[in-house]
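K.L.:
Take this structure, written in structure tokens, and hold onto it; I'll ask about it next.
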Amino acid sequence: CVVKGLLTSKPLQQKRRCFFQITESTKHNYRQNKKYTAAGSVSGSVQVCETTDCCVGYYRIINGTPKADILACDRIEKSCPDETCKAQTRINNQFLTCMCNTDLCNGNITWGKEQTSHPYSYFSVVFMKKAVKPLVGILLFMCFWIVVAQWRSCLKKKSKCANYQQEMHTGSDSLLVYVLQIVGRGHFATVFQGTYQGSVVAVKFLPAAYEHNFNTEKEIYELLLSKHTSIVNFLGAGRKPDDKSWFIVLQFAEYGSLHSFLSKQTTSWMFSLNLCQSLSQGLSYLHSDLLNLHKPPVAHRDLSSSNVLVKADGTCALCDFGCSTILRSCSEPYRRHNQNKNTKCIQLGTLHYMAPEILEGFVNLNESMFLMQGDVYALGLLLWEIWMCCYDLFEGGAAPQHLLPYELELGSNVTLESLMLYVSYMDKRPCIPEHWELLPQGAALRELLEDCWDSDSEARLTAHSVVERITSLQSSYSLHASSKHLRNATNITQKANVSYA
Ligand SMILES: Nc1ncnc2c1ncn2[C@@H]1O[C@H](COP(=O)(O)OP(=O)(O)OP(=O)(O)O)[C@@H](O)[C@H]1O
């Protein structure tokens, strides 16, 4: 109790005092204001910090000069080694932030003009477009000739480069798997197409050192019993005798990852609904606690369009459970498996999909609800990604090129800092096209997305209620694909279309 008391509330004389200010431009953001006001008691322009030693300052650059936007105590304990307020991050040459650890240190920011150049500034984007394009062309040309040369040498030594056969062991049994070409790569794994017992399968190989990731993923697949159509089917696992690498044999998803699917084609309204429906059903099943099936709730924790597969029937299946956490075992109530083991996944998962509270480190990683709410935030971004590639939702049927969430706003290599600033501090989300408001289903789509990615994690929908909302979209707007508002499929050029008859 004494320790807890020391951590949560400090004696008054030791409490940090910070400048407090919320400008007109941010006053409209009720939630944002509440977060900072709650960080300590405010008297005039000074706030006495309740739980942290850090002052924060968010500044906007107006006419080349930083103007304070939000000044306050930080809300959660973080390291802030600087005594003065030194500019740390900026975004689109517009924002500076600082954190410091002395009384009233956040009132005056120090910065150098050179700090305004941001990797995603307009200049660098133009430069990238003008200068990098020819370089990419040359590189592609060289790659083409390397591939041709390798293919020729393959033809010469056919036995080595062609399909090879592996006998792979799973405990006492053995799996005879033929491994063909590579179909995907992740941070840890290389995934091959192969055959097993006459069926096409995917074989995921993890290097010998990744035993923990292998065990976590295998444990989850075994637990899920592979019985849900929106979870990729698990067929076996084991270790290769020669290089000791780990492998998992899975049902093969013909269209590959959702990311590669959406990069290559646009979809009809009905097709997009099926993708969204199966995806949310998969997550709802994952989160569910099914005592009769001995299935505890599981948080995925690394949902992204690379970790969702698209099967031949146009439905999604979740995969890659290497970062997942079993939240509560049915046989051992409230024992949490994998706790603390998977904290590294936070940095490895695709940054774009991290919920604001996870970006800010505000989450107790052992709290089931927080982890599931983080998954629902990522689900909202995935639904947005799918609908942004639906030609029925764009005039003339011309859906824009597939982009990851926040890629348009922050560039393709987002950083943790720029994402924190944009998603958490500025409370921004991916742009929902304005013309959707004119569509019959537009308001329902907006509401669903906003209820998934709400900055208040407790206000978010559950995965189960997302399924219900999509079911109601399906029944209310099923005939909408032929609406006069919408498509002219002949206008679609680069991507192929996928639709249900
Ligand atoms: N069953 C499958 N069928 C078809 N392609 C698959 C299958 N499983 C994985 N892939 C492809 O392989 C890629 C990498 O797989 P996976 O995400 O499981 O690897 P990982 O190393 O665990 O990834 P991460 O970097 O997200 O941790 C996927 O994005 C997908 O393109």
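The values are calculated or read from the model by the stated rules, or taken from the named source; none is laboratory data. All values derive from a computational prediction rather than experimental measurement. Ideal geometry is used to build each Cβ from the backbone, glycine not excepted, and the neighbour counts take in all protein chains shown.
K.L.:
Which of (1) closer than 30 Å to MET369 by Cα; (2) under 21 Å from the mean Cα position of the chain (by Cα) is the odd one out, the single condition GLY411 does not satisfy?
P.N.:
Of everything listed in (1) closer than 30 Å to MET369 by Cα; (2) under 21 Å from the mean Cα position of the chain (by Cα), GLY411 misses just condition (1).
K.L.:
Can you tell me which residue in region 239-255 is modelled with the lowest pLDDT, limited to those that are in a strand (DSSP E or B) and more than 8 Å from the ligand (Cβ to nearest atom)?
P.N.:
ARG239
K.L.:
Continuing with this model, one more query. Take LEU258 and decide whether it is closer than 25 Å to THR471 by Cβ, more than 12 Å from the ligand (Cβ to nearest atom) and touching a helix residue (DSSP H, G or I) at 6+ places or on another chain (Cβ under 8 Å).
P.N.:
For LEU258, the condition - closer than 25 Å to THR471 by Cβ, more than 12 Å from the ligand (Cβ to nearest atom) and touching a helix residue (DSSP H, G or I) at 6+ places or on another chain (Cβ under 8 Å) - is not met.
K.L.:
If a residue has to be under 16 Å from SER245 (Cα atoms), more than 12 Å from the ligand (Cβ to nearest atom) and modelled with pLDDT of 90 or more to count, how many in region 174-211 make the cut?
P.N.:
Selection size over region 174-211: 3.
K.L.:
Within the set of pairs 6+ apart or on separate chains, which have a first residue in region 396-421 that is touching a residue at least 24 places away in the same chain (Cβ under 8 Å) and surrounded by fewer than 18 Cβ atoms within 10 Å (Cβ to Cβ), a second that is aliphatic (A, V, I, L, M) and in a helix (DSSP H, G or I), and C-beta atoms under 7 Å apart?
P.N.:
LEU416/LEU351; LEU416/LEU359
K.L.:
When you go through GLN281, GLN251 one by one, which is the residue that is under 30 Å from MET369 (Cβ atoms), polar (S, T, N, Q) and under 24 Å from the mean Cα position of the chain (by Cα)?
P.N.:
Going through GLN281, GLN251 in turn, the sole match is GLN281.
K.L.:
Kindly evaluate CYS80 against the criterion of being crowded, with 16+ Cβ neighbours inside 10 Å and at pLDDT 90 or above.
P.N.:
No, not satisfied.
K.L.:
Just to be sure before I move on: is PRO333 at pLDDT below 55, away from the ligand (no atom under 14 Å from the Cβ) and assigned by TED's automatic domain parsing to the domain that holds TRP269 in the structure I sent?
P.N.:
Criteria met by PRO333.
K.L.:
I've got another one for you. Considering region 103-121 alone, what residues qualify as being assigned to a loop (DSSP other than H, G, I, E, B) and at pLDDT below 50?
P.N.:
Answer for region 103-121, where residues must be assigned to a loop (DSSP other than H, G, I, E, B) and at pLDDT below 50: SER117, HIS118, PRO119, TYR120, SER121.
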